[in-house]
Every structure is written in structure tokens, then in C-alpha cells.
């Protein structure tokens, strides 16, 4: 495509996105706002269910070092083709629901998204707990902490950075893949991509893609913010600057004391 | 008191880590378990707080069989220090130290106040309280590890190679402070190391274990050096035994010789005037020895001042109440053959040569026989 064509296309996408009529619902068309909320809802449910399954499981496997084969098994799920699985599940499930309900389509979609979100959360949670220094857990046990205290008081806080990175990568994948909800007749931002493709309305199709990307980035930033608040500075290494300067002076003094000849 | 009564540990695959160990660690003393790797010293230590359960015999802690106490409960009454400190990376130093008291239900305020005192005790500035383990050096982390083990004031401490992961200079300082701390606290300590020098320096008594978990000899350090029970112990204790044994006795009164000295600010001409045998000892303004100046080296380029860069700093410095070993080492390491001795405040006291030190050692041996 010539440069002029590309520039023109960007302009058209921009005006499609900024046309307030596209954001409102009309009797004929569902607007961006509604589809955006639907997309967020699908994604939240999927990440929520995946987290509820994978987090406790990962903590358990990491803490007990038992059933580690489950982590490898979950990773194998990653190779499932999402669209193919969605079609298969829809064919199996949708006929059981009749009347004015879309549950028959929502369940297959959520299953696909949950299966997609479990592996990163599970393997990162497991890896996080597994990576806690043996000296740290040994010391915890040696001072009389019980299993539960070690898990929640030591192993969990120490593995939070890896757990968060698992949740963030799951969230990104789910938001990107939730577009396939529109492949079975459901809403979400995928609607614009599929409709745009079918109607050869490329500004609408690209606009939908841009919205998905923007949503994914926003969600990631939000999670990064939460991570910053939740993870101990002792682990993230974000030590306060003011304390740091004074700290260096003390460090120097101590080092001198340690090295001074007797 | 900790008593091993033919305590054994055999693993399911038949490996014997500890074989019918009989051993008593008396109250208020440091008992060091030392031996080559695979001798079962760490296993023995960990059987005391049931990190590993004995498979035979029993271990009594103040006449109570540890096997009859619930492990977590048992461990809360025993301080535990390990090689890499194992500090909790997500907690500040103060909260690390307060871990056990908090677990035992002490109020946060009280636990932190106690932790602050301990920070002092182990020689760390209070400014460290709010910092995290990752901001500390290995030696500093190990001090915090000791403070954390002391926090609930347990009568018994188990220490598993606590100083072996730090560099030699810091290690020596940690050892000295550990001894000073123990002379205040009088804990019952079982200490594991693979380093015979550390064992001899720290132990009130030393148990030498051989591979397979057998006790080879249990004795005071001086006795271990002078009278090893068999070839294994003799080999393990190593060479230089006679020399190292000198490290146990303070010399007492030293027949110090006066030595001409100059200050760092003196001119080179003054220095050459007072020098003996072409050497003069240089002190700083506080009369702390800085090094020997060889007159043959000449003054600083283009001036008549003393060139600090050319001072010979190789000699060790002994204290007036030092051991025979420290004083002899000072004499042997001095470029002039005259060992530098300082007073308690680190100021120069006098010199002594090797012949004089050896005469002292021989007169001591003569007096003993």
C-alpha cells in the first residue's frame, strides 16, 4: 500500500474511533462502550476462574513439591488451538440450552479462555514458590514456623513478583483471545473485527484491534500498579532514595569497621 | 545441657549418617562439632531441633527427650543460625529479628524494641532497622541472623557453619564478636564447622567426627592440639600444631624494648637521625603504628617529607596482652625482626624480637616441667 493509502487508513480508523455515534448503542447496532464492557466481563471472569484454580494449586505444588507433573500437564494445554476448541465445545454444549439465552455460547468461550489463562498462572506460581531460597525456608522451619505459616508468611510474599508476571501474561493473552467470543455469536470487541472483516469495513476492523490492544495495555498497567503496592520493597529492590544515601554512609562506616586491622 | 545417647540416623537406602553418637554439650558452653564433609556433623546438629529425626537412640535437652516434644514447639525454644543467614527478604531487618517473639505472641511494639537492642548487641547501627536484607553485606546479614536467633532469648543455640560464607577478614571479626557476645550471654551452643581453626578458636570443647558419623575425639582445643587420640585426629587437626597451640596462652608481662619513632609529619632528615639499623617506626598523630620506614628508600620525591607510600606495612601488630602466637607472629612478620606491640588503646608500646619471644616460650616450658 502506498504511503498515502496508509496515512488515509490511519485517518479513517481515527475518525471511526472518535465518532461518538460508534460508542452509543442504537436499535440496529451495539456501540463500542457496551462491547468494551462485555469484553472486560469475559476477560475478568476467565482470569478470575483461572486464578482461583491455578493460584492455590501452584502454591500447593510449590510448597509440597508434590504433583509437579500437573505443571507440565497444564503447559501442554498451551498448544491447544483456541478457535478449534471453541467450535468443538460449542457444538457439544450449545444444543443443551434453548430459548433466549447465550449461556450455551458463554460457557464454551470461558472454558477456552480459562484453559488459556491457567498455564501461565500455575507455572509461575509454582516457579515462584520453588525459587524461594532453601536457606530461607530452612530458617523459617528452624525457628518453629509451621507449614501454613511458612507458605503464607514467607513463600507467598517471596514469590509475588513471579505470580504477578503470570497473572499479567494470562491477562494479556485472555484479552487478546477474548475476541474469538465473536466467532460464536457473542459480543466483545471481537465483534468489530469480525464484522469489519465481513463487511470489508477496514477502519472498523482495525479500530476494533486498536481497542483490544489499548485494553490489554491498560489492564497490564493496572496490574503493574497493584504489583508495586503489594510486593515488598525488599524483594522488588525499590529501596527508598533518601534512606539509601544515609544507608550508604553507614554501610561505608560498617565496612571500614569490619576491615580495620585489629 | 544437650546429651546424645547413642543417637543414630540411618536413611531408608541404608546410608548411615550418624552412628550411635554419644556426646554431651554442657550448659553455658560452646561445643563445636567438626569433621570432614560427610561426617554427619550437620545431621547431628539438626537432630537436636528435629529438623531431622533420629532413627535410633535419643537426644535429651535438659533431660527431656526431644522426640517427645512437638517439633515446631521444640524449635521455638532453640535459636537456629545457618550458613547463609536465611533472612526473610520481604521483611525489614527489625521485623526479621522480631520474627520469633512475634510468633510467640509478643506485642509488635515490645518485639521491635527488643529487636533494636539486639541490633546494638550484634554490632549493627540502628539505621539498619528499616532496611531490607538485600541492602546488607553478607557479614551484616549474618549478624542479623544471630540477632534473630537470640530474639526470644532461648537458652540453647544451634549454629550450622554460620561464618563460612563470608570473607576471612569479616569472619575473624564475627568470630571475635561472637565470643564476646557469648561471654555476656552464656548460652548452651552447639556449633558446626568444617574449619578446624574455627573450631579451636571458638570451642570450649571440640568434638571431631569422622566419616560415617563416628565420634573420634572430644576434648578441649588445647588438649586436641597437644594430644590427638589417633592418626585421623592428628591429620585433621593438621600441621603447625605446636605453633597454633601458642595461640591459647597470653604471655603476661612482656619485656618490651624501647624503639625510636617519628610521626608522619616529621621531616625525612629527622627520621634518618633517629633510625636504628636503617629503619624507623612511623606513628600517626594518635601514636598508632603506621609502618616501618627504610632510610635507604629516601624521602618523597622533591621534598624532605616522609613518603607514606613507601612505608612497609607488612608486619602484624600484637597487643600487650596478646598470646605467644600473636607476639611471635608480630616479630616474624616485621621487616626489621622487631615485632611491634601496642597497648589496649592501640598506641605504640614497644618492640620485641623473635629470639626474645622464643626465650619466653622456652622459659614457660621449663617452668611447666
Taking the reciprocal of mean 1/r across every pair of different Cα atoms in the stretch A:78-119, the Kirkwood radius in Å is 10.6 Å
One finds the C-alpha centres of the stretch A:198-213 and the stretch B:39-100 to be spaced, in Å, by 63 Å
Folded to 0 to 90 degrees: helix B:324-333 orientation relative to chain B principal axis, Cα:
50 degrees
Residue-normalised 222 nm signal for the protein assembly as shown, counting each DSSP H run of n ≥ 4 as -39,500 (n - 2.57), nearest 500 deg cm²/dmol, is -16000 deg cm²/dmol
Roughly what angle does helix A:103-131 make with the longest principal axis of chain A, taking Cα atoms, 0 to 90 degrees, to the nearest 10?
20 degrees
Which three extents, in angstrom, do the Cα atoms of chain A have along their principal axes, listed largest first?
86, 48, 32
Antiparallel bridges, percent of DSSP beta bridges restricted to the protein assembly as shown (to nearest 5):
60 percent
Here the Kirkwood hydrodynamic radius of the stretch B:60-132, Cα-based and in Å, equals 13.8 Å
If you rank B:214, B:344, B:84 by fewest surrounding Cβ atoms within 10 Å, what's the result?
B:344, B:214, B:84
Counting only DSSP beta bridges with both residues in chain B, what percent are antiparallel, rounded to the nearest 5?
60 percent
If each Cα of the stretch B:170-241 is one equal point scatterer, what is log10 of I(q)/I(0) from the Debye formula at q = 0.15 Å⁻¹?
-0.53
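Would you tell me the mean number of C-beta atoms belonging to other protein chains that fall within 10 Å of each C-beta in A:230-240, as a whole number?
4
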Among A:43, A:165, A:232, which one shows the highest mean-square fluctuation when chain A is modelled as a Gaussian network with alpha-carbon springs under 10 Å?
A:232
Sorting check: for A:130-138, B:129-137, which peptide has the highest mean count of neighbouring beta carbons within 10 Å, and how do the rest follow?
B:129-137, A:130-138
Across B:172-183, the residue-averaged tally of Cβ atoms belonging to other chains within 10 Å stands at 1
Quick one, can you get me the convex hull of the C-alpha atoms of the protein assembly as shown expressed as volume per residue in Å³?
265 Å³
Can you give the angle from 0 to 90° between the axis of helix B:108-121 and the longest principal axis of chain B, with both taken from C-alpha atoms, to the nearest 10?
40 degrees
Relative frequency of Cα-Cα separations exceeding 22 Å in the stretch B:261-368, percent
34 percent
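Do you know the relative contact order of the stretch B:2-239, to the nearest whole percent, from alpha carbon pairs under 8 angstrom that are 6+ apart?
28 percent
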Across peptide B:313-319, what mean number of C-beta atoms from other chains lies inside 10 Å of a residue's C-beta?
1
Could you order peptides B:45-57, A:180-192 by the average number of other Cβ atoms within 10 Å of their residues, highest first?
A:180-192, B:45-57
At 1.567 mPa s and 4 °C, plugging the Kirkwood radius over alpha-carbon pairs of chain B into Stokes-Einstein gives what diffusion coefficient in µm²/s?
55 µm²/s
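Throughout, read-outs are computed from the coordinates displayed, never taken from laboratory work. Please read all numbers here as calculations on a predicted model, not as lab measurements. As a convention, Cβ positions derive from the backbone with ideal geometry for all residues, glycine included, and neighbour counts pool all protein chains shown.
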